[in-house]
Amino acid sequence: MPPRIAIPIPHSDPEYVARSLPQYERAVEMAGGEPVRIPLDKAPSEIMKIIERCDAVLLPGSRADVDPAKYEASRHPSTAEADPKRDTVDELLLQDAYNMRKPVLGICYGLQILNVYRTGTLIQDLAECLPLEKRRVNHAAGRNVPVAHAVVVDLGSTLATIVNGAVGQEHGLSPLDREGHVFSRAKSADQEPPAAASEGKAMLIPVNSSHHQAADAVGDGLRVVAHCPDDGVIEALEGTSADHFVLAVQWHPERSVDQDERSRAIFRAVVEAARARHRELVGVRGAVK
């Protein structure tokens, strides 16, 4: 039986859901998981019955913005309306995931709601709130721009292991070097991977981008593992507990799973973490019996 990955309905607007949700579901299925839709219109007790039967959580993007009151900030004029039903479901999912150590993958809005849930804060509008000298990147480029900018990934992170393994598989490279955590060089200079680079202590990967907000103060139990080199915007967060897979990225890997091995690897990672956690939970329940 494949691991069951809980995905909340992305937004209360059915049109947005019809366009966006199938991409996440397909990415999970390609990775060997079973996507489970979590409705927004049920009582919390009903929602919890569905959540309890899932092995991991995927928090997708949304057309909403997190209510600034959740992180004690005044609303910026560019901040979109919140989606309280989505927020309620996300909080139930995260409560269960942290209680039961179920894997978590956040994407775009999913990163932002995760950070706020963990008591972090957000930059409410990058185009207006960043200092003028840092407004160099159009983070709201949208789905029609396959590569919006580069991201620098922390080479000591789980994300780097996932990305490096994917590029190594795609281009015949070795896995992360156990000592320096850098790409092993290809057999000849013309075999360098064209879509990723590793120099010294920096790994650069290309990403798409469809957001106007980003994490600011980082929440409890999270750490920054990727940023945009042009303006310092946080592009990925990870959990700090070794026994709990928590990863969130600010870009949209679900949009590029057909073209990009790194994107596929991100979904495989959460599915495999869910499979492992499922085995652990079954073992615990069996021992209790």
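The values are calculated or read from the model by the stated rules, or taken from the named source; none is laboratory data. These numbers come from a predicted model, not from an experiment. Positions of Cβ are generated from backbone atoms using ideal geometry, with glycine treated the same way; all protein chains shown enter the neighbour counts.
A compact table of results
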{"item": "Residues satisfying the stated conditions in region 1-12, i.e. of a type in the set (A, V, I, L, M, F, W, C), in a loop (DSSP other than H, G, I, E, B) and touching a residue at least 60 places away in the same chain (Cβ under 8 Å)", "result": "9"}
{"item": "Considering residues of region 38-52 that are of a type in the set (A, V, I, L, M, F, W, C) and in contact (Cβ under 8 Å) with a residue 12 or more places away in the chain only, the residue surrounded by the fewest Cβ atoms within 10 Å (Cβ to Cβ)", "result": "48"}
{"item": "Residues satisfying the stated conditions in region 29-52, i.e. closer than 26 Å to residue 272 by Cα, aliphatic (A, V, I, L, M) and touching a helix residue (DSSP H, G or I) at 6+ places or on another chain (Cβ under 9 Å)", "result": "30, 31, 36, 38, 47, 48, 51"}
{"item": "Residue in region 201-215 that is over 19 Å from the mean Cα position of the chain (by Cα), at pLDDT below 95 and more than 18 Å from residue 259 (Cα to Cα) present", "result": "yes"}
{"item": "Single unsatisfied condition, residue 82 versus (1) within 19 Å of the chain's Cα centre (by Cα); (2) on the phi < 0 side of the Ramachandran plot; (3) surrounded by fewer than 23 Cβ atoms within 10 Å (Cβ to Cβ); (4) in contact (Cβ under 8 Å) with a residue 12 or more places away in the chain", "result": "(1)"}
{"item": "Total residues in region 227-261, condition among the hydrophobic types (A, V, I, L, M, F, W, C), closer than 23 Å to residue 101 by Cα and not in a loop (DSSP other than H, G, I, E, B)", "result": "6"}
{"item": "Residue pairs meeting the criteria (Cβ under 7 Å; at least 6 apart or on separate chains; first in contact (Cβ under 8 Å) with a residue 60 or more places away in the chain, in region 13-37; second of a type in the set (Val, Ile, Thr) and surrounded by fewer than 19 Cβ atoms within 10 Å (Cβ to Cβ))", "result": "none"}
{"item": "Wholly within region 53-149, helices (runs of 4 or more DSSP H) carrying at least 1 residues that are acidic (Asp, Glu) and touching a helix residue (DSSP H, G or I) at 6+ places or on another chain (Cβ under 7 Å)", "result": "84-100"}
{"item": "Any chance residue 26 is closer than 30 Å to residue 279 by Cα, part of a loop (DSSP other than H, G, I, E, B) and charged (D, E, K, R)", "result": "no"}
{"item": "Which listed residue is touching a residue at least 12 places away in the same chain (Cβ under 8 Å), buried (at least 23 other Cβ atoms within 10 Å of the Cβ), touching a Gly at 6+ places or on another chain (Cβ under 7 Å) and not basic (Lys, Arg), from 233, 207, 246, 218", "result": "246"}
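Okay, residues lined up against (1) under 16 Å from residue 214 (Cβ atoms); (2) touching a residue at least 60 places away in the same chain (Cβ under 8 Å); (3) in contact with a helix residue (DSSP H, G or I) (Cβ under 9 Å, 6 or more places away or on another chain):
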{"residue": "226", "(1), (2), (3)": "yes, yes, yes"}
{"residue": "261", "(1), (2), (3)": "no, yes, yes"}
{"residue": "269", "(1), (2), (3)": "no, yes, yes"}
{"residue": "278", "(1), (2), (3)": "no, yes, no"}
